[in-house]
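Data first, discussion second: the structure below is written as structure tokens.
What follows is calculated from the coordinates using simple rules that are stated; it is not laboratory data. What you see is a predicted model; the values in this text were computed from it and never measured. Glycine gets a Cβ as well: all are built from the backbone with ideal geometry, and neighbour counts include every protein chain shown.
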Amino acid sequence: MLTISHISKTFNPGTVNAKKALDDLSLTVRDGEFVTIIGANGAGKSTLFNAISGSFITDSGSILLDDLDVTLLPEYKRARQIGRLFQDPLRGSAPGMSIEENLALAAGRGGWLGHISRADREDFRDRLRPLGMGLEDRMQQPVGLLSGGQRQALTLMMATVNPPKLLLLDEHTAALDPASAEKVLAITRRIVEEEGLTCLMVTHNMQSALDLGSRTIMMDRGRIIFDVAGEQRAGLTITDLLEQFKRAAGKALDNDRMLLGVE
Amino acid sequence: MNVSAVLSLGQTALELGLISSLTVLALFLSYSMLNVCDLSTDGCFTLGAAVGAVVAIAGHPYLAILAAMLAGMLSGCITALLQTKMGIDSLLAGIIVNTGLYSINIAVMGNSSLLNMNKTETVFTRAKELLAGTALAEQYRMLVALLAVALVVVFLSLFLRTRLGLAIRATGNNPDMVRSSSINPAFTTIVGLCISNAFTGLSGCLLAQSQKSVNIDIGTGMVTIALASLLIGNAFLGRGKIPVRAVGAVLGAFLFRLVYTIALRFHMPAFMLKLVSSVIVIIAIAGPYLKSRMPLLKRRLRHERGRGEPEC
């Protein structure tokens, strides 16, 4: 369970560029919940993910993962429990190293001086096979040779090879071509379901925000302005969402990419 | 030039190439793997030579090697701490340590800038005694160097396959990914620089023992020479698995020395060594860059020429 209580973050405090990116935000996500997050440009969606994963330490408030207080924990220590995918498919893997080496590093088995065992190799292959991308036959090739979609699928495998307590997906299909995006999204859905992962996903696609997962939250100016789950969510349409946003934020939704996806 | 002269040229190049290839392997770890250009290499090389010489003069030729490596490791650790824990830019950290080491090296050598080991027992004199009377008696210097290089290459090949080794490679490749694998990139940088500087120290120690003297300038320009060797090796064996690339680094060091030794034969003054190494590094790094700019340059030329007359 993720418990965020009253976190705030202001960038460049005390200057003309001061920006309150997170404003007294609280959020509780139960185990196994799949939350989709939407919001305008600069609403604080990615900032929220940065706060949870520890890219920066929040100015106030606390973040708990189960019983572990991660509020002040450095990013690399939180990474044991939190998997994260970025929009940029190049960010999650090391291009100069082979698929196998990338997976081995993510799996982190054995001690510091442990080698990749034959059992590990078999296991990695078994995990890659269901992707249907033929990666299991290219284990020794450098990751830099893969396409964006393949790299993002691999990053997803790396993030979930040790099932994390929390998976953060930051528009992880936005930079892919439609076919690859579809495929990566299907893989995401399967893994999250199989492992029963707790997951937060930022998306600009209103339809997938409603289709995927079990709960949808809407952000604006560093706050959560709308939070819907269960039956109430089941009946929602995109038009309802836009209406909700207008009512809660007092302005029309101005996420350019999101609007392009509406037609 | 007769055959024996050519052979002896080759042998000198091989001996010196092997000894300096230890520094090249150090840069292979720090520059190619960790993506840190370690400018403390010069000072660290001299430190290894000085510490090794002092311990050898005290009568412990084997301990000298260990001491030189430990001294190098300590120096590498400080360079790494400066850049990972104290917010000093990695190039600057190397330069600062390098400058500081100059004083330390003179202090180690007992307030002198020159140590003579003519009557000192070294690993080379020991090897000479050991091999006396065998067919390899004349090759004792090369054998010692070869043994050290082989050990380091095997160590690197094995080490870079371990989880820690993979993490070090990933640190130079994509630090974000290291962090998301719950590994602190600061830690991998520290370990990587400690190990690479241990090899630099070893390299300095062996050079000092083989030429039976140390002066304070023994390491000057070493970083450029080693970088030139590394890049030459890259050109031949730059792709493929780690052991191949490590052997490529050694090959590069040998080729560099060979070209240099031949150039000396053709009356190139010895002081040109450093200029040659600088030029090689410039060509090796700037070459691919300029090549990638060529299409744009051609495009511009075509555009300038085409102005005024319609393009067809």
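Annotations
- Counted charge near B:ARG179, where neighbours are those whose Cβ lies closer than 14 Å (Asp, Glu -1; Lys, Arg +1): +3
- Label sites at B:TYR62 and A:ARG189, each approximated as a point 7 angstrom past Cα along Cα to Cβ, lie 6.8 nm apart.
- Remark: the protein assembly as shown carries a charge dipole of roughly 1500 debye about the Cα centre, counting +1 on each Lys and Arg Cβ and -1 on each Asp and Glu Cβ.
- Relative contact order (%) - the range B:3-306, alpha-carbon pairs under 8 angstrom, separation at least six: 33 percent
- Lysine pair count for the range A:2-254 (Cα-Cα distance under 28 Å; residues 8 or more apart in sequence or on different chains): 22.
- Tensor-based shape of the protein assembly as shown (alpha-carbon gyration tensor, a/c under 1.5 rounded, otherwise prolate or oblate): prolate
- Taking a ≥ b ≥ c as the square roots of the eigenvalues of the alpha-carbon gyration tensor, the range A:2-254 is classed prolate because a/c is 1.5 or more and a/b outweighs b/c.
- By the count of other C-beta atoms within 10 Å, a proxy for reagent exposure, B:VAL6, A:VAL202 are ordered fewest to most as B:VAL6, A:VAL202.
- Once the Cβ-Cβ distance of A:GLU243 and A:ALA174 is raised to the sixth power relative to R0 = 25 Å, the FRET efficiency obtained is 0.55.
- Charged neighbours of A:GLN140, selected by a Cβ distance under 11 Å, balance to 0 (K, R count +1; D, E count -1).
- If both residues of a DSSP beta bridge must be in the range A:152-257, then about 60% of such bridges are antiparallel.
- Summed residue charge, Cβ within 15 Å of B:THR79's Cβ, Lys/Arg positive, Asp/Glu negative: -2
- Panel order for B:LEU264, B:LEU7, A:LEU131, by other beta carbons found within 10 Å of each beta carbon, from fewest to most: B:LEU7, B:LEU264, A:LEU131.
- Selection from B:ALA71, A:ASN41, B:THR162, by position along the positive dipole direction of the protein assembly as shown (Cβ): B:ALA71
- Residues of the range A:53-80 with amide N under 19 Å of a point placed 7 Å along Cα→Cβ from A:THR10: A:56-62
- A:ALA234 versus B:LYS274: modelled label distance in nm, points set 7 Å from Cα along the beta carbon direction: 8.0 nm
- Spatially proximal lysines relative to B:LYS212 (Cα-Cα < 18 Å; intrachain offsets below 8 disregarded): B:LYS119, B:LYS128
- Modelled spin labels at B:LEU290 and A:SER60, positioned 7 Å past Cα toward Cβ, are 6.0 nm from each other.
- Residue exposure proxy: B:PHE155, B:PHE124, ordered by other Cβ atoms within 10 angstrom of their Cβ from fewest to most, comes out as B:PHE155, B:PHE124.
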